[in-house]
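These notes are about the structure you will find just below.
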Amino acid sequence: RGIGRATALAFAAAGASVAVVARTSSDLSSLALEIKEKYGTPILPITGDVLDDPKTIVKQVIDKFGKIDVLINNAGIYRMSRFSEEKDVEAYWKVFEVNVKGPLALLHAVLPGFIERKKGTVITVGSSAADLPLPYQSSYDASKAAVQKAIQILDMELREQGVLNFLIQPGVMRTDLGKGQVVGEEFVELLSGFAKVSFPFSSALIV
């Protein structure tokens with residue numbers, strides 16, 4: 001939708017074959033049509049969840065294009081709530097599952113091909129929230145901090161095998177990330193005071 005869609009279009013504009021993964025097939029259909037009409041580059045839309053079976057997702061891409069050169073880890077969810085009032089802590093942990101397990105599982109799934117060719121690039125979309133302790137979003141901030149640290153360490157481990165890992169913090173962007181994940185609209189106003197002094201506003205340019 002937001003960053004993922006923009007990234008896919010940018011890669012297609014550069015002439016790359018692009019595989020895109022999302023849970024909503026309608027989002028993929030409109031994106032695939034736009035890429036075909038604007039750029040005519042190969043596009044593989046995959047409807048699925050990165051947590052279900054990342055190896056199958058990777059296999060579909062390799063079967064279609066022969067190899068994967070770049071993995072963009074962009075899947076993520078957001079949550080803003082009072083921890084003391086969480087009725088179901090599983091919703092809290094779901095943020096960790098998507099934001100940490102998802103990208104690392106996909107990274108692990110592409111590694112065999114990368115290591116075999118001694119070449120591969122992984123770009124994980126992080127968040128400035130990883131370095132900013134903001135109230136009411138401990139699940140999101142902590143999950144982004146966790147994946148940031150994991151990527152830093154994995155880059156140290158994998159560079160000698162030709163696999164490069166990067167993590168970007170695109171800053172605050174107007175996307176649908178937080179839709180339906182703010183538990184109580186009062187948090188938007190409460191957080192705004194912190195955000196004004198804490199968030200580095202910037203722009204940035206696939207899962």
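Could you sort 101-110, 18-27, 139-148, 155-164 so that the peptide with the highest average Cβ count within 10 Å comes first and the rest follow in order?
Highest-to-lowest ranking by the protection proxy: 139-148, 101-110, 18-27, 155-164.
Filter Lys118/Lys144; Lys94/Lys149; Lys59/Lys149; Lys38/Lys59; Lys55/Lys118 down to the pairs with a C-alpha to C-alpha distance above 24 Å, please.
Going by Cα-Cα distance, Lys118/Lys144; Lys59/Lys149; Lys38/Lys59 fall outside the 24 Å limit.
Please list, in order along the range 98-105, the HN-Hα scalar couplings obtained from phi with the Karplus expression 6.51 cos²θ - 1.76 cosθ + 1.60 (θ = phi - 60°), rounded to whole Hz, x for Gly and Pro.
So the Karplus estimates, Gly and Pro as x, are 6, 7, 10, 5, x, x, 6, 5 Hz.
Step through the residues of the range 83-92 one at a time and calculate ³J(HN,Hα) from phi using the Karplus curve (6.51 cos²θ - 1.76 cosθ + 1.60, θ = phi - 60°), rounding each to whole Hz and writing x for Gly and Pro.
Computed from phi, the couplings for the range 83-92 are 4, 5, 10, 5, 7, 10, 5, 5, 5, 5 Hz.
Mind giving me the FRET efficiency for Gln152 and Ala13? R0 is 41 Å, r the Cβ-Cβ distance, nearest 0.05 is fine.
Between Gln152 and Ala13 the formula returns 0.85.
Pull up all non-local amide H partners of Asn165: gap of 5 or more, or a different chain, and H-to-H distance under 5 Å with H placed in the peptide plane.
For Asn165, the qualifying residues are Val122.
Can you tell me the FRET efficiency between Lys118 and Ser25 if r is taken as the Cβ-Cβ distance and R0 is 35 Å, rounded to the nearest 0.05?
Here the calculated transfer efficiency is 0.45.
Relative contact order of the range 1-48, please, whole-number percent, based on alpha carbon pairs below 8 angstrom and at least 6 residues apart.
Reported relative contact order: 42 percent.
Counting only residues 5 or more places away or on other chains, whose amide H sits under 5 Å from the amide H of Tyr39 once H atoms are built in the peptide plane?
none
Where does each of 46-55, 72-81 land if you order them by average Cβ count within 10 Å, highest first?
72-81, 46-55
With the full set of protein chains in place, find how many percent of the accessible area of the range 37-158 is carbon and sulfur; take the probe as 1.4 Å.
56 percent
Check each of the GluC sites (Glu not before Pro) in the range 1-100 and keep only those in coil by DSSP with at most 16 other C-beta atoms within 10 angstrom; list them in order.
Glu86
Using a basic spin-label model with each label point 7 Å from the Cα along Cα→Cβ, how many nm lie between Glu34 and Phe166?
Modelled inter-label distance: 2.2 nm.
The values are calculated or read from the model by the stated rules, or taken from the named source; none is laboratory data. Because the structure is a prediction, the values reported are computed rather than measured. Cβ: placed from backbone, ideal geometry, glycine included. Neighbour counts: every protein chain shown. Just so you know, the surface numbers come from the protein's heavy atoms only, side chains and all, with ligands and any DNA or RNA stripped out. Shrake-Rupley method; radii C 1.70, N 1.55, O 1.52, S 1.80 Å.
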